[in-house]
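Undergrad: What follows is a structure written as C-alpha cells; I'll ask about it next.
The values are calculated or read from the model by the stated rules, or taken from the named source; none is laboratory data. Since this is a predicted model, take the numbers as computed values, not measurements. When we count neighbours, we look across all protein chains shown, and the Cβ atoms used for this are built from the backbone with ideal geometry, even at glycine. Side chains are part of the model used for accessible areas, which takes the heavy atoms of the whole protein and leaves out ligands, DNA and RNA. Shrake-Rupley method; radii C 1.70, N 1.55, O 1.52, S 1.80 Å.
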Amino acid sequence: MERISSWLNRNSLYIALLAAWIAMCGSLYFSEVRGYAPCVLCWYQRILMYPLAGVIAIGLLRRDGNLPYYVLPFSLLGLGVSTYHYLLEKTDLFAGSSFCAQGASCTTQWINWFGFVTIPFLALTAFLLITLMSLIAMLNGEPVAEDEEGDALRTPWLQVSGVVVGVLAVFTALFISGAQDPQVAAAEQNPFATLAITPGAQVRVDGTISDPATGSDPATGSDPATGSDPATLVHGEQLYLQSCAACHGADGLGVANLGNQLRGSDFFASNTDEQLLGVVRQGRELNDPANTTGLVMPPSGGRPDLSDEDILAIIQYLRTP
Ligand code: HEC
C-alpha cells in the first residue's frame with residue numbers, strides 16, 4: 001500500500017499525460033477514422049482537452065512546480081461539460097435544453113458500450129483522472145526540480161516521450177488500418193449529392209421545431225392511406241423530431257453532410273417495416289457495404305433507449321407523404 005501510494009505520488013502527472021493523449025487521439029480516431037460527427041458539446045470538450053496534451057508534457061519537461069495549477073482550470077471545466085453532456089444523453093434532467101440546435105445532435109449516442117460507456121462518458125473519465133492526478137501532484141508539490149540534496153534533477157525526456165510515442169504508435173496503427181479500408185475510401189469518393197435542406201428549419205433538443213411548414217401539427221399526422229392509427233403517427237413524429245431530424249431533416253428529406261433522404265426515398269419504398277427496423281437498429285458504419293454517403297448512421301440512430309415499437313412508429317410516420 002505504502003509503495004503504491006509513493007509510486008502514485010511520483011507518477012501522477014505522467015498518468016494525467018497518458019490520459020490526455022489517449023483522450024485526444026481517441027476523439028480524433030472517432031471523428032476522422034470512424035466518421036462520427038462531433039456535436040457542439042463535443043467541441044467544447046475537445047477545446048479543453050487538446051491543450052492539456054501539450055501543457056502537461058511541457059510542464060513535466062520543465063519540471064514546473066506550478067503545473068497542476070495550469071491543468072486544473074481546464075480539467076475541472078471539462079469535467080463539468082462532459083458531466084452535463086452525459087446527463088443530457090442518459091437522463092431527462094435537461095430536456096428542453098437549447099444546446100446543439102445546429103449540426104449533429106448532442107443526444108446522439110454514437111457508441112453505447114455495455115449500455116453506459118458513451119463518448120462523453122470516456123471524456124468524463126479522462127477529465128476526472130486528470131483532475132485527481134493533478135490534485136495528488138499539487139498536494140505533493142510535484143513536479144520537483146531538485147532532489148533532496150538540492151541537486152537539479154535531469155529532464156524526464158524518456159518518460160514523457162515514452163508516453164507520447166506509445167500512445168501515438170497505438171493510434172497510428174488504428175488510423176492506418178481504418179484508412180486503408182477500401183470501402184472507406186470508396187465511400188469518401190462518393191460525394192453526397194442528393195440533398196434537400198429545408199430553409200430555416202431548426203430542430204431543438206426537446207424535439208420542438210421552428211418551421212411551421214413541416215407538419216408538426218399532430219392533426220396532419222394521420223394518414224388514412226397507410227392505415228396506421230393516428231396515435232402511433234403522433235408518437236412516431238415526436239420521436240422522429242427528437243432522435244432523427246437533426247441528421248435526416250425535420251421533413252425527412254435529408255441534411256447536408258449529416259443524413260440522407262428517408263421520406264419518399266426508393267430505399268423506404270423497397271423495404272418492409274421489419275427490414276427498415278433492422279437497418280435502423282444496426283446503423284451504418286463507414287465500412288458497411290450498404291453505405292452510400294460516406295457518412296455514419298449510429299446504431300438505433302444514437303438512441304439505444306428506443307424500443308422496437310418506437311422505431312416502427314417512426315417508420316410509420318415516415319411513410320406518410
Ligand atoms: C447522426 C446522424 C444520424 C441520426 C441521428 C440518424 N441517422 Fe439515419 N442515417 C444517417 C446517415 C448518414 C445515413 C446514410 C448512411 C449511408 O450512407 O448508408 C442514414 C441512413 C438511414 C437509413 C437508411 C436509408 C438509406 O437510404 O440507406 C434509415 C432507414 C435511417 N437512417 C433511419 C433513421 C432513423 C429512424 C433515425 C432516428 C431514430 C435516424 N436514422 C437517425 C445519419 C443519421
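Undergrad: Kindly indicate whether residue 84 is open to solvent by 50 Å² or more (accessible area, probe 1.4 Å) and under 17 Å from residue 50 (Cα atoms). Write out each step before concluding.
TA: Details: open to solvent by 50 Å² or more (accessible area, probe 1.4 Å): yes; under 17 Å from residue 50 (Cα atoms): no.
No, not satisfied.
Undergrad: Additional query: Every residue in the stretch 253-268 that is more than 10 Å from the ligand (Cβ to nearest atom) and either under 26 Å from residue 179 (Cβ atoms) or aliphatic (A, V, I, L, M) (or both), please.
TA: Initially, the stretch 253-268 is screened for residues more than 10 Å from the ligand (Cβ to nearest atom), giving 253, 256, 263-264.
If the condition is that a residue be more than 10 Å from the ligand (Cβ to nearest atom) and either under 26 Å from residue 179 (Cβ atoms) or aliphatic (A, V, I, L, M) (or both), then 253, 256 are the ones that fit.
Undergrad: Would you confirm, using the coordinates I've provided, whether residue 20 is aliphatic (A, V, I, L, M) and either open to solvent by 20 Å² or more (accessible area, probe 1.4 Å) or out of contact with any helix residue (DSSP H, G or I) (no Cβ under 8 Å at 6 or more places or on another chain) (or both)?
TA: Against the criterion (aliphatic (A, V, I, L, M) and either open to solvent by 20 Å² or more (accessible area, probe 1.4 Å) or out of contact with any helix residue (DSSP H, G or I) (no Cβ under 8 Å at 6 or more places or on another chain) (or both)), residue 20 does not qualify.
Undergrad: Conditions first: (1) farther than 18 Å from residue 112 by Cβ; (2) in contact with a Leu (Cβ under 7 Å, 6 or more places away or on another chain). Residue 296 passes all but one, so which condition is the exception?
TA: If we test residue 296 against (1) farther than 18 Å from residue 112 by Cβ; (2) in contact with a Leu (Cβ under 7 Å, 6 or more places away or on another chain), just (1) comes out false.
Undergrad: Which of the following residues is assigned to a loop (DSSP other than H, G, I, E, B) and out of contact with any Cys (no Cβ under 6 Å at 6 or more places or on another chain): 251, 310? Reasoning before the result, please.
TA: Numbers: 310 fails: assigned to a loop (DSSP other than H, G, I, E, B).
Only one candidate passes the filter, namely 251.
Undergrad: Let me ask something else about it. Regarding the stretch 219-234, can at least one residue be identified that is part of a helix (DSSP H, G or I) and either near the ligand (Cβ under 9 Å from one of its atoms) or in the same structural domain as residue 115 (by TED's automatic domain parsing) (or both)?
TA: Checking the stretch 219-234: not a single residue is part of a helix (DSSP H, G or I) and either near the ligand (Cβ under 9 Å from one of its atoms) or in the same structural domain as residue 115 (by TED's automatic domain parsing) (or both).
Undergrad: Please verify whether the stretch 105-120 includes one or more residues that are of a type in the set (S, T, N, Q), assigned to a helix (DSSP H, G or I) and closer than 30 Å to residue 87 by Cα. Step through it out loud before you land on a result.
TA: The first filter runs over the stretch 105-120 and keeps only residues of a type in the set (S, T, N, Q), leaving 105, 107-109, 112, 118.
If we keep only those that are assigned to a helix (DSSP H, G or I) too, we end up with none.
Among the residues of the stretch 105-120, not one is of a type in the set (S, T, N, Q), assigned to a helix (DSSP H, G or I) and closer than 30 Å to residue 87 by Cα, which makes the answer no.
Undergrad: Something else: I need the full set of residues from the stretch 139-171 which are of a type in the set (A, V, I, L, M, F, W, C), closer than 21 Å to residue 71 by Cβ and open to solvent by less than 70 Å² (accessible area, probe 1.4 Å), in order please.
TA: Applying the first criterion (of a type in the set (A, V, I, L, M, F, W, C)) to the stretch 139-171 yields 139, 144-145, 152-153, 157-158, 160, 163-165, 167-171.
If we keep only those that are closer than 21 Å to residue 71 by Cβ too, we end up with 139, 144-145, 153, 157, 160, 163-164, 167-168.
Once the filter is applied, which keeps residues that are of a type in the set (A, V, I, L, M, F, W, C), closer than 21 Å to residue 71 by Cβ and open to solvent by less than 70 Å² (accessible area, probe 1.4 Å), the stretch 139-171 yields 144, 145, 153, 160, 163, 164, 167.
Undergrad: For the stretch 269-306: of the residues being more than 8 Å from the ligand (Cβ to nearest atom), open to solvent by 40 Å² or more (accessible area, probe 1.4 Å) and in a loop (DSSP other than H, G, I, E, B), which is farthest from residue 320 (Cα to Cα)?
TA: Once the filter is applied, the top-ranked residue is 287.
Let's see how each residue does on (1) surrounded by fewer than 20 Cβ atoms within 10 Å (Cβ to Cβ); (2) hydroxyl-bearing (Ser, Thr, Tyr); (3) in a loop (DSSP other than H, G, I, E, B):
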residue	(1), (2), (3)
16	no, no, no
28	yes, no, no
49	no, no, no
52	no, no, no
73	yes, no, no
93	yes, no, yes
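Undergrad: Taking the residues in the stretch 307-321 that are open to solvent by less than 20 Å² (accessible area, probe 1.4 Å) and of a type in the set (A, V, I, L, M) as candidates, determine which candidate is farthest from the ligand (Cβ to nearest atom). Before the answer, list the steps.
TA: Filtering the stretch 307-321 for residues open to solvent by less than 20 Å² (accessible area, probe 1.4 Å) gives 311, 313-315, 317-318, 320.
After this cut, where a residue has to be of a type in the set (A, V, I, L, M) as well, the list is 311, 313-315, 318.
Numbers: 311: 6, 313: 10, 314: 5, 315: 7, 318: 7 Å.
My answer is 313.
Undergrad: Residues 6, 12: which one is assigned by TED's automatic domain parsing to the domain that holds residue 122, modelled with pLDDT under 95 and either at negative phi or open to solvent by less than 10 Å² (accessible area, probe 1.4 Å) (or both)?
TA: Working: 12 fails: modelled with pLDDT under 95.
Criteria check complete, one pass: 6.
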